[in-house]
Amino acid sequence: MFRRSLLCAALGLAAAAAAHAQSFPAKPIKLLVAFPAGGPTDITMRQLADNASKILGQPIVVENKPGAGGTLPAQALQTAQPDGYTVGQTPLGVFRLPYTTKITWDPVKDISYVINVTGYAFGIVVPADSPFKTWKDFVAYAKANPGKLTYGSTGNLTSPHLTTELVAQKAGIELQHVPYKGSADLMLAVLSGQLMAAADSTGFAPQVEAGKLRVLNTWGEKRLAKFPDAPTLKELGYDIVQSSPFGIGAPKGTPPEVVKKLHDAFKQAMEEPSYVAALGRYDMLPNYMSTADYTKFAQATFTREKALIEKLGLGKPQ
């Protein structure tokens with residue numbers, strides 16, 4: 001009798017899940033974005049959300065959750081209902097979190113990875129009136145003034161922070177890092193002279209094009225079309241390429257049928273010219289990974305980031 005009750009309960013749950021998946025979405029979906037409004041991440045994700053909402057037939061409402069190195073959306077997914085109505089951006093900082101902070105959840109096992117959508121184009125910029133005309137000037141000053149050259153990033157343990165520290169280590173220089181919540185605040189700081197340099201995604205493009213900032217280097221495999229005079233890190237002698245892919249995750253336990261609906265909608269949204277154009281404003285490109293591939297990427301990145309954190313000596317105290 002007990003076994004029959006369990007079987008009936010299981011069948012009931014399965015039927016309810018199937019019905020939920022079939023009717024999904026029946027109300028607005030919340031998309032948590034890891035950086036502030038007005039920056040390149042926010043602008044491109046809002047375009048993606050707008051495209052996907054038309055496909056799904058329900059609004060996708062963007063909620064910005066900046067801070068903590070871009071990990072707040074992933075943390076919020078740990079307490080959200082696994083019904084597909086809350087999803088979040090998952091930057092690379094999520095995979096570093098257990099190595100730097102005491103947490104009770106696993107970034108690989110406790111998120112349902114839906115789809116990877118793009119990655120950043122990064123670089124280091126200085127004010128247009130800076131005495132640093134080239135990266136060589138930057139390094140020379142830093143060597144002559146250890147710890148006095150200030151630079152900002154979009155947060156502690158973000159890709160701009162860690163990559164700059166890795167470059168500094170390879171160059172034999174010591175820099176003073178100042179974290180900000182996002183690109184908008186960071187750009188204000190470097191333009192106002194509070195900082196000597198900034199490491200960021202190409203949200204700095206409008207200021208460079210307006211003649212207010214100068215690009216010293218970029219971090220892709222090739223030079224960026226917008227900044228053809230700026231050398232890559234590889235050209236400068238550092239074997240580093242950083243594009244920091246990111247995508248969208250859902251709470252653990254979200255029904256596979258719901259994950260598939262989200263995946264299919266966001267994939268179609270990625271292919272819309274409006275999204276490609278939004279990315280192009282910041283030299284970003286679509287970078288599609290399926291649910292299965294994105295899950296594998298999460299596992300591989302989790303392992304790789306541990307090695308980077310240990311190399312830089314930034315792990316949490318044991």
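The values are calculated or read from the model by the stated rules, or taken from the named source; none is laboratory data. As the structure is a prediction and not an experimental result, all values here were calculated from the model. Glycine gets a Cβ as well: all are built from the backbone with ideal geometry, and neighbour counts include every protein chain shown. Remember, those area values only see protein heavy atoms, side chains included, never the ligands or the DNA or RNA. Shrake-Rupley method; radii C 1.70, N 1.55, O 1.52, S 1.80 Å.
Who wins for biggest fluctuation among T303, T158, T90 in a Gaussian network model of the chain, springs between alpha carbons below 10 Å?
Its mean-square fluctuation being the largest, the pick is T303.
5 Å is the cut-off here: which amide hydrogens, built 1.01 Å from N in the peptide plane, fall below it relative to L149, excluding neighbours closer than 5 in sequence?
It is Q176, by chain and number.
Let me check against my output: what whole-number percent is the relative contact order of the stretch 222-295, with C-alpha pairs under 8 Å and at least 6 apart?
Normalised by residue count, the contact order of the stretch 222-295 is 23 percent.
How would you classify the stretch 127-252 from its alpha-carbon gyration tensor, with a ≥ b ≥ c the square roots of the eigenvalues: rounded for a/c under 1.5, else prolate if a/b is greater than b/c, otherwise oblate?
Rounded.
Skip the ligands, DNA and RNA, and give the accessible area per residue of the chain with a 1.4 Å probe, whole Å².
Per-residue value: 45 Å².
Could you name the lysines whose alpha carbon sits less than 25 Å from that of K226, not counting residues in the same chain fewer than 8 places away?
Once the sequence-local lysines are set aside, what remains near K226 is K133, K136, K212, K234.
So how far apart, in nm, are the two label points at N145 and E209 if each is 7 Å from Cα heading toward Cβ?
3.2
Looking at the chain, what % of its DSSP beta bridges pair antiparallel, to the nearest 5?
Looking only at bridges with both residues in the chain, the antiparallel portion is about 55 percent.
Measure nothing but the geometry: give the 0 to 90° angle between the long axis through the Cα atoms of 291-312 and the longest principal axis through the Cα atoms of the chain, rounded to 10°.
The helix 291-312 is inclined about 40 degrees to the chain.
Which ³J(HN,Hα) values in Hz, rounded to whole numbers, follow from the phi angles of the stretch 109-117 under the Karplus curve 6.51 cos²θ - 1.76 cosθ + 1.60, where θ = phi - 60° and Gly and Pro get x?
7, 9, 9, 8, 6, 8, 6, 8, 10
Check L32: other-chain or 5+ apart residues with amide H under 5 Å from its amide H, H built from backbone geometry?
E63, V87, G88, Q89
Collect residues whose amide H, placed 1.01 Å from N in the peptide plane, falls under 5 Å from the amide H of Y113; neighbours closer than 5 in sequence don't count.
Result for Y113 returns A250.
Loop by DSSP (not H, G, I, E, B), at most 12 other beta-carbon atoms within 10 Å: where is the longest site-free stretch of the chain for trypsin sites (Lys or Arg not before Pro)?
Counting only loop sites that pass the neighbour cut-off, the longest clear stretch is 1-101.
Mind listing the phi-derived Karplus ³J(HN,Hα) values for the stretch 129-143, rounded to whole Hz, using 6.51, -1.76 and 1.60 with θ = phi - 60°, and x for any glycine or proline?
Those phi angles translate into 8, 5, x, 7, 7, 9, 5, 4, 4, 4, 5, 4, 5, 4, 5 Hz.
Heavy atoms only, probe 1.4 Å: what % of the accessible area of the chain goes to carbon and sulfur, would you let me know? Write down the numbers at each step before the final one.
Numbers: 8020 of 14340 Å².
Solvent-exposed carbon and sulfur of the chain make up 56 percent of the total.
Let me have the 222 nm mean residue ellipticity of the chain computed from DSSP H runs of 4+ only, each contributing -39500 (n - 2.57), with the sum over all residues rounded to the nearest 500. Display every interim value, and only then the final one.
Values: 11 runs with 135 residues, N = 318.
Result for the chain, helices only: -13500 deg cm²/dmol.
Tell me, what HN-Hα J-couplings in whole Hz come from the Karplus equation 6.51 cos²θ - 1.76 cosθ + 1.60 at θ = phi - 60° for each residue of the stretch 216-226, using x for Gly and Pro?
Along the stretch 216-226, the couplings run 8, 6, 10, 10, x, 5, 10, 4, 7, 4, 6 Hz.
If I fit a long axis through the Cα atoms of helix 256-270 and take the longest principal axis of the Cα atoms of the chain, what angle between them do I get, 0 to 90°, rounded to 10?
Tilt of helix 256-270: around 40 degrees.
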